[in-house]
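The values are calculated or read from the model by the stated rules, or taken from the named source; none is laboratory data. Just so we're clear, the structure is a prediction, and the values are computed from it rather than from any experiment. All Cβ positions, even for glycine, are placed from backbone atoms using ideal geometry, and neighbour counts span all protein chains on display.
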Amino acid sequence: MHMKNILLFALPFIAAACSISACNRSGTGSGLRLNGTWQLVSGMTITGKDTVPYASDFRMIKIIDDDHFAFLRHDKNPPKDSSNHFDGGGGKYSLSGNQYTEHLDYYADRNWEGKPFTFTVEIRNDSLIQTGIEKVDAAHVDHVIIEKYIRLSGAEN
C-alpha cells in the first residue's frame, strides 16, 4: 500500500480520535456543552421548608473550560465607601452524565476549600440549571441550591 493510501485510510480514524478526546474534556461526551461563560439570572436556597431567593442584589458569572471552573461575583449597587463586596472562587470540575462536581480549590472562606460540591445539571437552549446540596459544617451551611444561568453571547468556546 502506498503512503498516500495509508494516510487517506487513517485520516478519518485520527480525526475521530481527536474529536472524542476533545468531547470528553469539554463535557460534550455526556451530551452537555458546559464550556463558556454563564451569567447567574436566578438562584434559591432551600433549607427544610424555607425557600429563599437570591441573585437580585449581585451579579455573578461562572466560566467553565475543559476541566476548570471559576466564578466571580460583586454587588450591583456597591456602597460609596471601600466596603464593596467582591467574591470569587474556582478549581477543577468533573462531569459524568448530568452529574457535575466542582472541587473548590480557591475561595475567600477557607472553610469551603478542598470540598466537592455535586450538582445535577441541565441545559435548555441557552440556560444552564444546576441543583445540588451545599454542605459545609464549619460554615454552618447545609441547604439545597437551585441556580439558573444564561450563556453569554459570544462566550462559548
Next on the checklist: Every residue in segment 107-117 that is exposed (fewer than 13 other Cβ atoms within 10 Å of the Cβ) and in a strand (DSSP E or B), please.
Outcome noted: P116
Checklist entry - Name the residues in segment 42-71 that are touching a residue at least 40 places away in the same chain (Cβ under 8 Å) and touching an Asp or Glu at 6+ places or on another chain (Cβ under 6 Å), would you? => result G43
Checklist entry - Just a yes or no: is a residue in segment 23-40 surrounded by 11 or more Cβ atoms within 10 Å (Cβ to Cβ), at pLDDT 90 or above, under 15 Å from I146 (Cα atoms) and of a type in the set (A, V, I, L, M, F, W, C)? => result yes
Next on the checklist: Taking the condition of being free of Cβ contacts under 8 Å to residues at least 12 places away in the same chain and surrounded by 11 or more Cβ atoms within 10 Å (Cβ to Cβ), how many residues in segment 72-83 meet it?
Outcome noted: 1
Checklist entry - If you take the residues of segment 122-157 that are among the small types (G, A, S), modelled with pLDDT under 95 and outside any loop (DSSP other than H, G, I, E, B), which of them is surrounded by the most Cβ atoms within 10 Å (Cβ to Cβ)? => result A139
Next on the checklist: I'm trying to understand the selection: among the residues of segment 84-96, which are under 20 Å from R151 (Cβ atoms) and touching a residue at least 60 places away in the same chain (Cβ under 8 Å)?
Outcome noted: L95
Checklist entry - Considering only segment 41-71, how many residues are in a strand (DSSP E or B), surrounded by 12 or more Cβ atoms within 10 Å (Cβ to Cβ) and out of contact with any His (no Cβ under 7 Å at 6 or more places or on another chain)? => result 15
Item to check | Failed criterion for N84 (all others in (1) in contact with a His (Cβ under 9 Å, 6 or more places away or on another chain); (2) part of a strand (DSSP E or B) hold) | outcome: (2)
Checklist entry - Only one of I145, I133, I129 is in contact (Cβ under 8 Å) with a residue 12 or more places away in the chain and under 13 Å from the mean Cα position of the chain (by Cα); which? => result I129
Checklist entry - So is S94 of a type outside the set (A, V, I, L, M, F, W, C), surrounded by fewer than 16 Cβ atoms within 10 Å (Cβ to Cβ), modelled with pLDDT of 95 or more and in contact with a Pro (Cβ under 9 Å, 6 or more places away or on another chain) or not? => result yes
